[in-house]
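The structure appears right after this line, and notes come after that.
Read the figures in this text as sums done on the coordinates, not as results from a lab. None of these values were measured; they are calculated from a predicted model. Quick reminder, even Gly has a Cβ in these numbers, built from the backbone with ideal geometry, and neighbours come from all protein chains shown.
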Amino acid sequence: MSAAFEALAGRWQTFVGKVEQRLGEVMAEAEVGLDEVIAAEVVDPGPLSQAIQVVRARLHGLSQKVDESWDKIDGEIDAILEPMDVGPDWEALQAKRSALRRAGWGLREKIDLQVEIFRVKKEADAARALWAIVEKEMTEERTCERCGVTLRPGILRAPTSFPCPSCKAVHALRPGLAAAMFFQGGKVHSLAEETALGAWMELRIEEKRYQALRHPADEDRARFEAATLAYWRAYCAAYARHDPAWTPEHVEKEIAGRMGQFRAFDSEADTRGRMGEILRLAKAGDAAGATRVAAARGDLAGSFASDAAEAAIERGDRAAATLLLGVQFDLERPGDPKSAWIKERLAETTKWLASMKT
Ligand SMILES: [Zn+2]
């Protein structure tokens, strides 16, 4: 049985290594190809976005292969583990399976991350190439038609009324093509995204961590929210550095708006977040307190205690889970002896959570 498992593990590790190698090749090719595209066409964003789509599609295909291969191997592992009882042997193989699954997730995440970082960096490269033309445009002289002095309006983001400093005649000036493309074609966004990449990666980790929890608690949500705020701060500060229209007030308003969206979107998780209190009590060994919190749920008291026990197992806290199953037992009074019932529920839930694919 163990030999069959080891054979599967070996197959999986070989596959992961091959995909890693292929990923490196695809990225190296893409790097050269995209630099050529950016050098050839600076103003029209079409060719770059098409080239990025091609890279994205290739890497998506690679990701899919990882998923498909894991599903197949995981199914074969299931066949080995399914007939076994929960015990040291089962737990050992289960831990090995988790490590194999994490290697697959890690690889898929690496692919997703690389394609996204690549896109951001290349779009920022393109924005810088365009900015060089904007600067050239700015040095082009404009002359007042009435008195003939040179006008120096600086960077024009949009059509602007500009009074001649000498004769005061008002000129309707239009931005040059490159400036118009830069400010209205999302180039500032590209540069801000690049500057905020580090904060974005932190946010991505927190978001994935949060979403992977079946029962998020208050502090989990607070972590996710803090990472979201850090990202928007980094992004908006960078945006303001490249766009004179973004005043400090505008930046604050933008951040407030983004966080408003975050909170509105997360209102459902807000109620789930109340799991925090009962988990803290269980962790502190306060069975009476945990019972009080669960009992406040009325008819749902037993299932709430059960969910909380699941949440404790999810966090690897078997002591808290045992306490919470005890609370559930006292609330629901199933027929079996208490300790045997708790032991069985603990094993069942552990097995069930381990079998969850996502
Ligand atoms: Zn003039």
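State the dimensionless ratio Rg/Rh of region 301-340 (Rg: radius of gyration of Cα atoms; Rh: Kirkwood radius).
0.97
Mean projection of the alpha-carbon convex hull of region 275-355 over all orientations, in nm²?
Reported value for the Cα convex hull: 4.8 nm².
Can you spot the lysines whose alpha carbon is less than 29 Å from residue 72's alpha carbon? Ignore those fewer than 8 places along the same chain.
Counting by Cα, and skipping residues close in sequence, residue 72 has these lysines nearby: 18, 96, 110, 208, 351, 357.
Counting other beta carbons within 10 Å of each Cβ, put 299, 35 in order, fewest first.
By the 10 Å Cβ count, ascending: 299, 35.
For region 303-331 and region 233-263, write down the distance between their C-alpha centroids in whole Å.
That distance is 43 Å.
To the nearest 20 debye, what is the magnitude of the charge dipole of region 99-157 about its Cα centre, counting +1 on the Cβ of each Lys and Arg and -1 on the Cβ of each Asp and Glu?
For region 99-157, the charge dipole is close to 380 debye.
Using a Förster distance of 56 angstrom, determine the FRET efficiency expected from the C-beta separation of residue 105 and residue 160, and round it to 0.05.
E between residue 105 and residue 160, to the nearest 0.05, is 0.65.
At 7 Å along the Cα-to-beta-carbon direction for both residue 288 and residue 172, put a label point, then send me their distance in nm to one decimal.
8.1
Which three semi-axes in whole Å describe the equivalent ellipsoid of region 196-269, each the square root of 5 times a Cα gyration tensor eigenvalue, listed largest first?
Working from the Cα gyration tensor, I get semi-axes of 26, 14, 7 Å.
If R0 is 22 Å, what FRET efficiency do you get for residue 41 and residue 150 from their C-beta distance, rounded to 0.05?
After rounding, the FRET efficiency stands at 0.10.
Run through all the Cα pairs of region 146-269 and give the fraction in each 5 Å bin from 0, expressed as whole percent.
In whole percents, the pair-distance histogram is 2, 10, 15, 15, 14, 11, 9, 7, 6, 4, 3, 2, 1, 1, 0.
Return the Rg/Rh value of the chain, two decimal places, where both radii are evaluated on C-alpha atoms and Rh is the Kirkwood radius.
1.14
Pick out, from 10, 262, 55, the residue whose Cα sits farthest towards the positive end of the charge dipole of the chain, with +1 on the Cβ of Lys and Arg and -1 on the Cβ of Asp and Glu.
262
For residue 171, list long-range residues whose amide hydrogen, built 1.01 Å from N in the peptide plane, is under 5 Å from its own amide hydrogen.
162, 164
Starting from the exponent 0.38 and prefactor 2.2 Å, build the expected Rg for region 1-129 from its residue count and divide its actual Cα Rg by it.
1.42
With θ set to phi - 60° and the Karplus curve 6.51 cos²θ - 1.76 cosθ + 1.60, what are the ³J(HN,Hα) couplings of region 87-104 in order, to the nearest whole Hz, using x for Gly and Pro?
Per residue, the Karplus-derived 3J(HN,Hα) values read x, x, 5, 4, 4, 5, 5, 4, 5, 5, 4, 4, 5, 5, 5, 5, 4, x Hz.
Using the crude model of +1 on Lys and Arg Cβ and -1 on Asp and Glu Cβ, and no other charge, please compute the dipole size for region 275-355 relative to its Cα centre, in debye to 20.
The calculation lands at about 180 debye.
Roughly how far apart, in whole Å, are the Cα centres of region 28-70 and region 182-202?
Region 28-70 and region 182-202 have Cα centres separated by 18 Å.
What are the residues whose amide H is under 5 Å from the amide H of residue 142, where those residues sit 5 or more places off or on another chain and H is modelled from the backbone?
For residue 142, whose amide H was placed from the backbone, the distant partners under 5 Å are 151.
Kindly write out, for region 244-249 in residue order, the coupling ³J(HN,Hα) from the Karplus curve 6.51 cos²θ - 1.76 cosθ + 1.60 (θ = phi - 60°), rounded to whole Hz, with x marking Gly and Pro.
Rounded to whole hertz, the list is x, 6, 8, 6, x, 5.
For the chain, list the cysteines whose Cβ sits under 4.7 Å from no other cysteine Cβ?
236
Residue by residue through region 118-129, what is 3J(HN,Hα) from phi via Karplus (6.51 cos²θ - 1.76 cosθ + 1.60, θ = phi - 60°)? Round to whole Hz and write x for glycine and proline.
Values per residue, Gly and Pro as x: 4, 4, 4, 5, 5, 5, 5, 4, 5, 5, 5, 4 Hz.
Only four residue types carry charge here, +1 at the Cβ of Lys and Arg and -1 at the Cβ of Asp and Glu. Report the dipole size of region 1-156 about the Cα centre in Debye, rounded to the nearest 20.
It works out to roughly 280 debye.
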